[in-house]
Every structure is written in structure tokens, then in C-alpha cells.
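Asks: Just dropping this structure here.
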Amino acid sequence: MSQNTFVPRIVATLRNYDKKTFSADLMAGIIVGIVALPLAIAFAIASGVSPEKGIITAFVAGLIISVFGGSKVQIGGPTGAFIIIIYNIIGQYGMQGLTIATLMAGAFLILFGLLHLGSIIKYIPYPIVVGFTSGIAVTIFTTQVKDLLGLQVTEVPSDFIEKWICYFRNIDAVDWWSAAVGVASVALISLWPRLTRGSVLHKIPGSLVAIIVMTVGVLLLKQYAGVGTIETIGDRFAITAALPEAQVPVLSWEGIKGLVSPAITIAILGAIESLLSATVADGVTGDRHNSNTELIAQGLANIATPLFGGIPATGAIARTMTNINNGGRTPIAGIVHAAVLLMIFLFFMPLAQYIPMACLAGVLVVVSYGMCGWRSFCSILRNPKSDITVLLITFLLTIIFDLTIAIEVGLIIACLLFMRRMAETTEVRVISDEIEPPTEDSDFQMGNLEHLVIPDGVEVYEINGPYFFGAGNRFEEIMATFGTRPKVRIIRMRKVPFVDSTGIHNLTNLCLMSQKEGITVVLSGVNEKVEKVLAKAGFRNMLGEENICSHINIALERAKEIVESPMEPSTSGKNE
């Protein structure tokens with residue numbers, strides 16, 4: 001299917017849908033729904049909202065992304081990447097601000113898809129992705145230390161460094177029962193896959209097992225051992241199992257202007273994560289997702305979820321891979337996953353109040369370790385210095401300041417480095433004596449394959465690569481190093497695929513300066529696309545039709561005529 005066609009993948013998959021495929025999708029959807037439950041609760045609480053908002057986000061966004069998405073197996077919902085962004089937005093703008101920012105992010109995502117930006121977003125530099133992903137992981141871990149250890153601290157600073165100073169100063173305020181629950185949760189989640197390898201229990205997520213075991217254990221400790229210091233969800237949040245009514249927030253121009261930056265951050269991060277997840281899934285299933293349709297679906301999901309009190313959502317790599325590994329092959333599995341979460345929300349949500357906060361912190365500690373990608377981080381440290389610079393700056397900005405600044409600065413640095421590398425790919429070469437023809441050269445299609453001798457009084461400059469701002473400036477610098485004044489300058493442009501406005505400006509200045517010095521400029525090998533651009537810029541009038549040549553041998557013949565002419569041809573008057 002064309003990347004330019006906005007057709008949800010579910011349309012094609014349902015044409016040949018059968019009972020066998022449904023059975024596989026049904027089982028995969030049930031398992032993914034169970035896997036998503038503890039994560040949705042943990043992500044919501046860590047983001048600063050009540051646990052039911054995480055489940056609402058998981059089933060509303062999961063349903064929309066599966067129905068309208070461009071991937072067959074993508075599972076959508078809240079993810080760890082958004083925790084820090086959501087927490088900061090709520091702290092600065094309140095829940096109303098988060099709702100508006102998420103709605104705006106949804107609109108941006110739809111716009112990205114309609115403008116066919118899906119393929120471009122996938123090419124955001126890898127060091128940026130690793131930098132802010134690792135930074136998010138470290139930040140998530142940092143925010144969970146208090147609950148993991150049960151620190152009896154009334155208020156923890158929001159700043160990363162101050163937060164760790166607070167932890168060390170209050171290390172004697174650890175609640176050892178809560179710390180035992182947190183550490184035991186991390187151990188159980190980490191060891192569960194090894195303990196159950198080869199058995200039917202292997203498909204049950206370790207995070208769910210940890211939540212059940214620790215919740216029961218804490219209830220028994222409270223009932224029979226009198227341990228009352230272990231904080232649970234119910235101690236911090238009032239939980240409701242009622243579906244909220246859709247509510248449209250009050251919008252104001254001032255509020256919208258102030259939330260543009262966080263909304264763009266949510267949109268970019270959501271686009272990167274969802275398309276990365278879909279690409280990983282393609283590598284496993286052999287399918288090919290539609291990036292632009294996927295972005296539109298992500299946008300629709302992020303417009304719908306905040307209306308019901310939800311938080312930002314995107315494609316989730318771990319849940320998508322769980323779906324694939326358990327046999328899910330069509331969007332029906334994602335729909336089943338959403339239905340499972342809805343049933344749990346309606347009938348079992350009140351039980352969530354007994355879950356220990358230390359256990360949820362343990363779940364997020366394991367999630368943060370999975371996110372950190374320390375192996376990828378270390379491998380990039382062996383790459384060129386430019387990649388290391390982007391990686392470290394993005395990482396440090398993420399943990400010390402916030403993700404919005406990290407993404408903005410990281411993208412700016414990456415763009416600057418890309419510009420520099422592009423400029424370096426364009427070579428400007430001076431040919432002094434003779435031109436040796438290669439075996440395949442469009443400039444020698446006329447049957448003249450001998451060495452072409454450059455006449456006295458002629459200089460030949462060859463530009464290999466795009467003639468844009470960086471290359472144009474370098475060309476001017478090279479020209480300035482030559483003290484000789486030839487009668488003719490040939491600029492060979494056979495390998496120039498395009499020229500931008502800065503390149504045109506520099507080339508115009510060169511031609512005008514040459515004409516003032518009595519030097520004729522001849523262009524050689526200009527391709528059709530570049531010639532049209534130069535024609536619009538007035539080069540035919542400036543240089544004369546006869547001085548824009550299609551081949552180097554024609555350009556050399558023209559130069560020879562000019563050199564041997566008793567009078568120098570005046571071209572300066574043509575542009576007066």
C-alpha cells in the first residue's frame with residue numbers, strides 16, 4: 001500500500017479474515033491486556049494522575065490506534081517516555097493544561113501525517129533518540145526512589161540534583177517494610193521469566209505477578225502483623241470505576257500560546273516512539289506499516305483520550321512485541337486488548353487501592369532499566385565526536401532540565417552537524433593543466449575521449465555535490481586564494497544536483513566580480529533542473545546564452561575563442 005494513501009490497515013486485514021486468525025488475535029489480545037494493566041496504573045501514578053486515568057488512556061487510545069492505525073500489530077497506550085513531560089506540565093499548568101496540550105499534540109500529529117512527514121520523522125538522528133530515552137529512564141528511576149524505599153519525606157524537590165541531595169539527607173527516614181516490598185518486587189519481576197521458562201506461566205507478566213503477590217502480602221502484614229507503614233494506592237488516591245463523561249476544556253488563545261512548546265514535544269516524542277515501535281514490529285513480522293496513517297491514528301487517539309480525562313499515548317514497543325510473540329497478526333488483537341482493559345476497569349478497579357506504592361515503584365524501576373539502553377549508549381560513545389556530543393548534550397539536558405529543552409536543543413545541534421556534513425560532501429576542485437576523462441562520463445558522450453588540454457588564460461573549477469550555502473561559501477574562499485587573473489573561468493557543474501538561494505547569490509557575486517575584472521565566466525555541464533533555476537535567476541542575461549555550455553569540451557572551445565579573440569567580450573552590460 002502506498003505511503004501516500006491514508007487507509008487504516010484493518011481494512012485490508014478484514015478482507016480475508018478467518019476463524020483461525022481470530023483465535024490467535026483473541027489470545028494475544030487477552031495477554032497484552034493483562035500485561036498493559038500494571039503498566040498503565042504505574043505510568044499514570046508516576047505522571048502525577050490517578051491510576052484509573054492510565055487505564056482509560058490504555059483502552060481508549062489502544063482502541064483508536066488499532067482501528068485507524070497504519071500498522072497491523074501496533075499496541076497503543078501510555079508509555080514511560082511521557083512520564084516526565086506529563087508530570088512537569090501538570091506541575092506548571094495543572095490538569096487543564098495537560099488536557100489542552102494533549103489535544104494540541106493530537107492535532108500536530110494529524111498534521112504530520114497529512115503532510116507526509118512520517119518517513120522524515122523516522123530519520124531523526126539515533127544519538128538524539130538514545131540520549132533522551134536514556135535520560136528519561138534515569139529520571140523515571142530518580143522519581144521512584146522515594147516510593148521504592150518508603151522514604152518518610154513530605155516534599156521532594158522537582159530538580160534532579162536537588163532530588164538526590166534530598167534522598168541522601170533523609171536516608172535515615174527509610175521505611176524498611178516498604179523497601180523490602182520494593183526490592184522484592186524488582187527481584188520477582190526480573191527473575192520471573194527465568195523461573196517460568198518453558199512453562200505456561202511464562203506468558204503471565206512478572207509485573208502482574210509482583211503486584212498480586214505483594215498486594216496479598218501487604219494485606220496479610222497489615223491484618224496479622226500490625227504493619228501499617230506501607231503506603232498503598234488507596235492511601236494517596238480516591239479510585240473510581242465509573243466511566244467519565246467526555247468534557248471539552250475551556251480554550252483560550254493565551255492558554256494555547258503558552259502550551260505550544262510542550263504540545264510539540266508530546267507530538268514529536270509520540271511520533272518517534274510510535275514509528276520506532278512500528279518499524280521494530282515490521283522487522284519481526286515482515287510487514288510494512290504506513291507511517292503517515294499511523295501518525296494520523298496517533299493524533300486521533302491523543303485528541304480522544306484527554307476528553308475522557310486520559311493522558312498522552314503512543315505506540316508501545318514492549319506491548320507490541322508481546323502482541324507479536326503471542327500470535328497477534330491483525331488490529332483485532334489490539335481491539336481485544338482494549339476490551340480486556342475496559343472489563344478490568346469496570347469490574348476490578350476498586351481492588352487497585354490495595355496495591356503497595358513500593359511495588360509500583362519496583363515495576364517502574366524495571367521499566368526504566370529496560371528503557372535506558374545502556375549498551376546502545378556505550379556503543380555510541382565509540383562513534384565520532386559529533387555523535388557523542390549530541391548524545392551527551394541531549395542526555396544531560398533531559399535529566400538536568402526537561403525533555404522539551406533536550407529535544408529542541410538536540411534537534412538544533414543535529415541539524416547544524418548535518419549541515420556541516422553536507423557541506424563537507426561537496427568538493428570544489430581546481431583543474432590546472434588537463435582534464436582526464438573517466439570511463440563513464442556524460443560530458444564525453446560526443447565521442448571525444450582524449451585528454452582535454454586547458455588553454456592558457458583559462459581556469460577550470462569543478463564542483464562535485466550540492467551547491468548550497470556551505471559549499472557556496474567554501475567556493476568563494478577557494479576563489480579568494482588565487483591571485484592570478486585569467487581571461488576565462490570555467491565552472492564545471494556536471495555533478496551539481498541542485499542549487500539553493502545562497503548558492504545562487506554566491507555564484508552571482510562571483511560572476512559580477514569577474515566581469516568587473518574583465519574575466520568571462522563560462523558554466524559547463526549544467527543539468528536541466530539546475531539550469532532552470534539559474535535561468536529564473538537571470539544567468540542567461542548575465543552571462544549570455546553562449547557561455548552556458550552543456551559539455552566541458554564545448555566550454556573549452558568557447559574559452560579558447562574568448563582567449564584568442566583580439567577583444568575581450570563584454571558581458572557586464574547584459575545585466576545593467
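Asks: Can you spot a residue in region 370-388 that is in contact with a strand residue (DSSP E or B) (Cβ under 8 Å, 6 or more places away or on another chain), closer than 28 Å to GLY48 by Cβ and touching a residue at least 24 places away in the same chain (Cβ under 8 Å)?
Replies: No: zero hits.
Asks: Tally time: how many residues in region 345-367 are open to solvent by 30 Å² or more (accessible area, probe 1.4 Å) and closer than 14 Å to PHE59 by Cα?
Replies: 1
Asks: Given the conditions (1) under 29 Å from LEU148 (Cα atoms); (2) open to solvent by less than 10 Å² (accessible area, probe 1.4 Å); (3) modelled with pLDDT under 95, report the number of the one that THR57 does not fulfil.
Replies: Of everything listed in (1) under 29 Å from LEU148 (Cα atoms); (2) open to solvent by less than 10 Å² (accessible area, probe 1.4 Å); (3) modelled with pLDDT under 95, THR57 misses just condition (3).
Asks: May I ask you to verify whether PRO306 is assigned to a loop (DSSP other than H, G, I, E, B) and in contact with a helix residue (DSSP H, G or I) (Cβ under 9 Å, 6 or more places away or on another chain)? Before you say what the answer is, go through the steps one by one.
Replies: Details: assigned to a loop (DSSP other than H, G, I, E, B): no; in contact with a helix residue (DSSP H, G or I) (Cβ under 9 Å, 6 or more places away or on another chain): yes.
Criteria not met by PRO306.
Asks: Within region 6-18, identify whether any single residue is crowded, with 24+ Cβ neighbours inside 10 Å and more than 18 Å from LEU360 (Cα to Cα), and answer yes or no.
Replies: Looking through region 6-18, at least one residue is crowded, with 24+ Cβ neighbours inside 10 Å and more than 18 Å from LEU360 (Cα to Cα).
Asks: For SER207, are the conditions met, namely being polar (S, T, N, Q), modelled with pLDDT under 95, under 30 Å from ASN325 (Cβ atoms) and open to solvent by 40 Å² or more (accessible area, probe 1.4 Å)?
Replies: no
Asks: Here's something else I'd like to know. For ALA318, which of the numbered conditions (1) surrounded by 21 or more Cβ atoms within 10 Å (Cβ to Cβ); (2) assigned to a helix (DSSP H, G or I); (3) of a type in the set (Gly, Ala, Ser) fails to hold?
Replies: (1)
Asks: Also, quick follow-up: Quick check on region 158-191: of everything there that is assigned to a loop (DSSP other than H, G, I, E, B) and open to solvent by 40 Å² or more (accessible area, probe 1.4 Å), which residue is modelled with the highest pLDDT?
Replies: Of everything passing the filter in region 158-191, ASN170 is modelled with the highest pLDDT.
Asks: Could you check how many residues of region 505-537 are within 27 Å of GLY457 (Cβ to Cβ) and either open to solvent by less than 10 Å² (accessible area, probe 1.4 Å) or not acidic (Asp, Glu) (or both)?
Replies: 22
Asks: Filter the helices (runs of 4 or more DSSP H) completely within region 1-83 down to those with at least 1 residues that are closer than 23 Å to TYR93 by Cβ. First the steps, then the outcome.
Replies: Numbers: elements: 9-13, 19-47, 51-68.
Of the helices (runs of 4 or more DSSP H) lying wholly inside region 1-83, those with at least 1 residues that are closer than 23 Å to TYR93 by Cβ span 19-47, 51-68.
Asks: Which one of these is touching a Lys or Arg at 6+ places or on another chain (Cβ under 8 Å) and part of a helix (DSSP H, G or I): LEU276, LEU295, LEU360, LEU341?
Replies: LEU276
Yes or no, residue by residue, for (1) assigned to a loop (DSSP other than H, G, I, E, B); (2) surrounded by fewer than 12 Cβ atoms within 10 Å (Cβ to Cβ); (3) modelled with pLDDT under 55:
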{"site": "THR404", "(1), (2), (3)": "no, no, no"}
{"site": "ILE407", "(1), (2), (3)": "no, no, no"}
{"site": "LEU411", "(1), (2), (3)": "no, no, no"}
{"site": "ALA414", "(1), (2), (3)": "no, no, no"}
{"site": "LEU417", "(1), (2), (3)": "no, no, no"}
{"site": "ALA423", "(1), (2), (3)": "no, no, no"}
{"site": "ARG429", "(1), (2), (3)": "no, yes, no"}
{"site": "PRO438", "(1), (2), (3)": "yes, yes, yes"}
{"site": "GLU450", "(1), (2), (3)": "yes, yes, yes"}
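Asks: Among the numbered conditions (1) of a type in the set (Ser, Thr, Tyr); (2) in contact with a helix residue (DSSP H, G or I) (Cβ under 7 Å, 6 or more places away or on another chain); (3) closer than 20 Å to GLY106 by Cβ, tell me where SER252 comes up short.
Replies: Unmet condition: (2).
Asks: For region 176-219, give me the residue count where each residue is basic (Lys, Arg) and on the phi > 0 side of the Ramachandran plot.
Replies: 0
The values are calculated or read from the model by the stated rules, or taken from the named source; none is laboratory data. In this text, all values refer to a predicted model and were calculated from it rather than measured experimentally. Note that we place each Cβ from the backbone using ideal geometry, even for glycine, and neighbour counts take in every protein chain shown. With ligands, DNA and RNA removed, areas are computed over all heavy atoms of the protein, side chains included. Shrake-Rupley method; radii C 1.70, N 1.55, O 1.52, S 1.80 Å.
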